[in-house]
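Chemist: Here it is, the structure, as structure tokens.
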Amino acid sequence: MVICKPCFAFEALSAISIRNAANAGKIRSCIPLVKERMDEYFSGMEIYASNHYFNLLSAHFSFEEIEKLDLVGFNKVFPECLKGENYDKLYLDCLKILNNMDFTALWDKHIMPFLQEQCAAYNALFKDAKTTSVFSDVQRIKPNEEIGDVTIYLTYFSFPISFRLSDRCYLTSHAGTNGINANDILSTFAHELIHGFSNEALRGKYLQAIENDMFLAKTKDVLFYKVGSPSAEEEFVVALEYFISYKNGLFTKDELYGHIFNHYNHCMPLAVIVFDELVKYGKIPADVNTWILKLFEDGVIRNGGIEGRVNQILPGYSNKFKEVWVDKLS
């Protein structure tokens, strides 16, 4: 079973730490009053977007306990989670802002009803046969792990970020006011559930390649520190997500090559290469980790040759990345 629902505590954390991740301080305007209040109270408060504090909360409490927290409870327990963290004072200041702006009333009257309507649409989608097919493909990637029931926490302020909270649980942002896009949602669904598939050998090979390929080292720097996805499996997860999307007809092959060209500021060359090889292979490998490692062993992914290979697949890819890299240095 897959269930999508809102959660006050995760929303409060999103309001603090992710509200301005995509738009340089601009809050989504789907609910004008919410934007107005957030702009008023959080003006000048800048925190780098990260899932770290969400994982910090879930490390101390079960999801059932987190779901029961109101603002009083959140204010009581979260400071305990923050002890020893680098940005504890900044987060404590943000907690005071939530109190001062009466975040509970904003949630009860505006945010939660908005999210509940979207959750109903999500939950209807997850009963569709296409969802079952996507879920089955994810399970093939993780044959030794029974995925079981999945919980998706839908939040207002986390746009455009989604991330894994546990093996069977992830957080994502709402779809806006134009209705949900089923294919986009199922692609994200696959992505978050794929996370955790990689073994130590594959992650080690990725980190080793970074040390020996200058182009990959630069793209990794943007991926980790500008995009905010510091995972040694992120590129492989994206490749697998896109292949499952292709295999299940969520997008055409040409659409996906276009998507992956632009994905995350052109800083995922290994995702491009692995996706291209999966399309040629035509199916999900029986052992995905071994299959990707063989791409390194066979020289398909070759240290010193990654820029050239990705440009063969998507001409101009590295030039577009270099525009981002120059911007990063300026």
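Chemist: Only Cα pairs under 8 Å and at least 6 apart count here; give the relative contact order of segment 1-117 as a rounded whole percent.
Modeler: Result for segment 1-117 is 38 percent.
Chemist: With every protein chain kept in place and ligands, DNA and RNA left out, what is the accessible area per residue of the chain? Probe 1.4 Å, answer in Å².
Modeler: For the chain, the solvent-accessible area averages 45 Å² per residue.
Chemist: Does anyone have the angle between helix 253-262 and the longest principal axis of the chain? Alpha-carbon axes, 0 to 90°, nearest 10?
Modeler: 70
Chemist: How large a share of the accessible area of the chain, in percent, is made up of carbon and sulfur atoms when the probe is 1.4 Å and the other protein chains stay in place?
Modeler: Its accessible area is 49 percent carbon and sulfur atoms.
Chemist: So, with +1 on the Cβ of K and R and -1 on the Cβ of D and E, and no other charges, what is the size of the charge dipole of the chain about its Cα centre, to the nearest 20 debye?
Modeler: The dipole of the chain has a size of about 440 debye.
Chemist: Next question, about the same structure. Could you tell me the relative contact order of segment 229-325? Use alpha-carbon pairs under 8 Å, at least six residues apart, and round to a whole percent.
Modeler: 31
Chemist: Under 8 Å for C-alpha pairs, at least 6 residues apart: give me the relative contact order for the chain, rounded to a whole percent.
Modeler: Details: 377 pairs, mean separation 60.6, N = 330.
Normalised by residue count, the contact order of the chain is 18 percent.
Chemist: Here's a follow-up. Which ³J(HN,Hα) values in Hz, rounded to whole numbers, follow from the phi angles of segment 157-165 under the Karplus curve 6.51 cos²θ - 1.76 cosθ + 1.60, where θ = phi - 60° and Gly and Pro get x?
Modeler: 9, 8, 3, x, 9, 10, 7, 7, 9
Chemist: So for segment 158-237, considering every pair of alpha-carbon atoms, how many percent are separated by more than 20 Å?
Modeler: 43
Chemist: Helix 8-17 versus the longest principal axis of the chain: what angle, 0 to 90°, nearest 10, using Cα atoms?
Modeler: Its long axis makes an angle of about 70 degrees.
Chemist: Once the Cα atoms of helix 200-212 and of the chain are each reduced to a long axis, what angle between those two axes, in degrees from 0 to 90 to the nearest 10, is obtained?
Modeler: Relative to the chain, helix 200-212 is tipped by roughly 80 degrees.
Chemist: Past 26 Å, Cα to Cα, is the threshold; run Lys89/Lys226; Lys5/Lys83; Lys5/Lys220; Lys76/Lys220; Lys83/Lys142 against it and keep the listed order.
Modeler: Lys5/Lys83; Lys5/Lys220; Lys76/Lys220; Lys83/Lys142
Chemist: Continuing with this model, one more query. Counting helices only, and only those DSSP H runs with n ≥ 4, report the 222 nm mean residue ellipticity of the chain as the sum of -39,500 (n - 2.57) divided by its residues, in deg cm²/dmol to the nearest 500.
Modeler: Calculated mean residue ellipticity at 222 nm is -17500 deg cm²/dmol.
The values are calculated or read from the model by the stated rules, or taken from the named source; none is laboratory data. Since the model is a prediction, treat every value here as computed from it, not as a measurement. So basically every Cβ, Gly included, is an ideal-geometry build from the backbone, and we count neighbours across all protein chains shown. The accessibility values were calculated without ligands, DNA or RNA, using every heavy atom of the protein model including side chains. Shrake-Rupley method; radii C 1.70, N 1.55, O 1.52, S 1.80 Å.
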